[in-house]
Amino acid sequence: MPRRPRRAPPGRIEVLRIGHRAGRDPRLTTHLALAARAFGAERLYLHPPDPALADRLARVAQQWGGGFSVEGVRDWRSVLREHPGPVVHLTMYGEPLARVLPRLRRADRLLFVVGGAKVPSDLYARATYNVAVGHQPHSEVAALAVALALLRGLPAPGAWPGARQVIVPEAHGKRVVEAEASE
Ligand code: SAM
């Protein structure tokens, strides 16, 4: 039986990325999706949709396991309206993460929202919490990774469900084996 990744509460975490510019910043949004997946989110809503990026992430999930998916959305406000839990907008102007963290840990479902070059101003009012990961400008990838790591903890080594391959941690060098061979 493949081992399940360890899951600290909350039960389900999703991410909404607003203002993706397909063709202009594919690497940045790909890194955001990879970080979301690696640090324990279940899904990335991508506004506007980018099928090529969703395909890239599906191939990563085939190889490395887990149930992460990318879903393109045309109307990001409806994702907020329909989300059955707190909406956490990551912004350097918000409340300190340490202050909000205990409330986030009690939630069953969380939706993190990150912006791109420009963030629509109504997002600040629509969010349940506007949360800063430090009060200096940095990046959506860094903000999300830090927030997820503090909520979920760092993922332990080992194969994720459905993985074809798994990394065997080494002090020096690179070792990747078939997932079944690691059990
Ligand atoms: N100038 C943009 C604005 O209107 O806020 C910020 C652009 S920043 C490059 C892109 C995204 O990174 C932001 O929308 C936010 O989600 C995230 N971000 C950057 N610094 C952050 C911080 N200190 N705390 C939380 N999120 C941050």
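The values are calculated or read from the model by the stated rules, or taken from the named source; none is laboratory data. Since this is a predicted model, take the numbers as computed values, not measurements. Methodologically, a virtual Cβ is constructed for each residue, glycine included, from the backbone with ideal geometry; neighbour enumeration extends over all protein chains shown. Just so you know, the surface numbers come from the protein's heavy atoms only, side chains and all, with ligands and any DNA or RNA stripped out. Shrake-Rupley method; radii C 1.70, N 1.55, O 1.52, S 1.80 Å.
Looking only at region 70-95, residues that are in contact with a helix residue (DSSP H, G or I) (Cβ under 8 Å, 6 or more places away or on another chain), more than 9 Å from the ligand (Cβ to nearest atom) and open to solvent by less than 50 Å² (accessible area, probe 1.4 Å) come to 7 in all.
Would you be able to say whether some residue in region 104-114 is farther than 15 Å from ILE13 by Cα and either of a type outside the set (Gly, Ala, Ser) or within 13 Å of the ligand (Cβ to nearest atom) (or both)? No, every residue in region 104-114 fails to be farther than 15 Å from ILE13 by Cα and either of a type outside the set (Gly, Ala, Ser) or within 13 Å of the ligand (Cβ to nearest atom) (or both). For region 121-159, which positions are open to solvent by 40 Å² or more (accessible area, probe 1.4 Å), in a loop (DSSP other than H, G, I, E, B) and more than 9 Å from the ligand (Cβ to nearest atom)? Selection gives ASP122, THR128, LEU154, PRO155, ALA156, PRO157.
Please go through region 87-120 and pick out each residue that is assigned to a loop (DSSP other than H, G, I, E, B) and not β-branched (Val, Ile, Thr).
Answer for region 87-120, where residues must be assigned to a loop (DSSP other than H, G, I, E, B) and not β-branched (Val, Ile, Thr): ARG106, ALA107, ASP108, GLY115, GLY116, ALA117, LYS118, PRO120.
The residue that is modelled with the highest pLDDT, among those in region 8-21 that are over 21 Å from THR91 (Cα atoms) and in contact with a helix residue (DSSP H, G or I) (Cβ under 7 Å, 6 or more places away or on another chain), is PRO9. Only one of the listed residues (ALA117, ALA98) is over 23 Å from ALA38 (Cα atoms), of a type in the set (A, V, I, L, M), out of contact with any strand residue (DSSP E or B) (no Cβ under 7 Å at 6 or more places or on another chain) and open to solvent by 50 Å² or more (accessible area, probe 1.4 Å). That residue is ALA117.
Scan region 50-69 for residues that are open to solvent by 20 Å² or more (accessible area, probe 1.4 Å) and part of a helix (DSSP H, G or I) and report the count. Number of matching residues: 11. Evaluate region 74-86: report whether one residue or more is aromatic (Phe, Trp, Tyr) and outside any strand (DSSP E or B). Yes, some residue in region 74-86 is aromatic (Phe, Trp, Tyr) and outside any strand (DSSP E or B).
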